[in-house]
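One structure is given below, encoded as structure tokens.
The values are calculated or read from the model by the stated rules, or taken from the named source; none is laboratory data. Fair warning: this is a prediction, and the values are worked out from it, not measured in the lab. Cβ: placed from backbone, ideal geometry, glycine included. Neighbour counts: every protein chain shown.
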Amino acid sequence: MAEPIIIAKDLEVSFGNNTVLDGLSLSVPRGEILGVVGASGSGKSVLLRTLIGLVAKTRGSVSVLGVDQDSASEEEWQAVERRWGVLFQRGALFSSLTVLQNIQFLMRETLDISQELMDEVAMAKLEMVGLTPADATKFPSELSGGMTKRAALARALSIDPEIVFLDEPTSGLDPISAGELDELIKTLQKTLGLTVFMVTHDLESLYAICDRVAAIADGKIVADGPISTMLKAKHPWVKAYFRGQRGNLLAAQREQPAL
Ligand SMILES: Nc1ncnc2c1ncn2[C@@H]1O[C@H](COP(=O)(O)OP(=O)(O)OP(=O)(O)O)[C@@H](O)[C@H]1O
């Protein structure tokens, strides 16, 4: 098994009296696509934000790419931050910048390269996510939902990360666009060797591209494994999610491919 590059141990995160994560432990090996599921408000986004240091934990430890959040110096943490990309659930793009400028935002901050080279690299990222050169000069308000997600993904990939953290990448997309985005994420994982930490509600995505799924309930991981493990899980929420009407339909489709 590949080395774990995201390790969370005994995490607790509280907001006042609201304890959202309560002794959560999880590790993600290099090259894996992990899908994180859970009921609305169960703490999926909080977990993502805690792993990347945007939310303070009240207990436990986080290590990413071998760097421990608590013992790392500011420089060490900044250096490790440059090795991941993030696609946030909301507010994915800066509205006053064009698509190309959005993609270049982090590059400008972290890479010491000429504008010409930056344009070239950003155009390559744009193409990688299936956008056209004509989209480069558009503003976020001129993009469809699917195009916005793709542009945000291009921005997350702008500085060649080893890990991408994706918060509901397919939410708000029609099933065809969602399927295309899933394929894109899978292709990027295969070709770039990316490790993908993906928060999702999308059962289709879990079936289509995730190597492993982790389910959060009661502040902890209550089931963890490939889809086959989730289908047998005993936890009531996990059972209802994977063995509800829609879950059963998908499970049946996968077991019996259409002729
Ligand atoms: N900055 C914050 N301050 C206070 N409470 C917060 C903050 N961020 C999140 N929470 C609370 O933490 C809980 C978990 O929120 P989170 O966004 O992680 O849920 P989620 O599982 O991602 O839900 P959804 O599927 O609806 O996006 C919620 O009760 C939310 O109100």
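Of all residues in the stretch 56-90, those satisfying the criterion of being under 22 Å from Glu168 (Cα atoms), assigned to a loop (DSSP other than H, G, I, E, B) and more than 16 Å from the ligand (Cβ to nearest atom) are Arg82, Arg83. With Val213, Val196, Val238 as the choices, which residue is β-branched (Val, Ile, Thr), buried (at least 19 other Cβ atoms within 10 Å of the Cβ) and farther than 30 Å from Val129 by Cβ? Unique residue meeting the criteria: Val238. Among the residues of the stretch 215-239, none is identified as within 15 Å of the ligand (Cβ to nearest atom) and without any contact (Cβ under 8 Å) to a residue 12 or more places away in the chain. Residue count for the stretch 34-50 satisfying the condition of being part of a strand (DSSP E or B), aliphatic (A, V, I, L, M) and surrounded by 22 or more Cβ atoms within 10 Å (Cβ to Cβ): 2. Of the candidates Gly130, Gly53, the single residue that is under 19 Å from the mean Cα position of the chain (by Cα), in a loop (DSSP other than H, G, I, E, B) and not assigned by TED's automatic domain parsing to the domain that holds Asp22 is Gly130.
No other residue among Leu153, Leu166, Leu126 is crowded, with 20+ Cβ neighbours inside 10 Å and within 16 Å of the ligand (Cβ to nearest atom) apart from Leu166. Residues of the stretch 81-91 include none that is in contact with a Lys or Arg (Cβ under 7 Å, 6 or more places away or on another chain) and touching a residue at least 12 places away in the same chain (Cβ under 8 Å).
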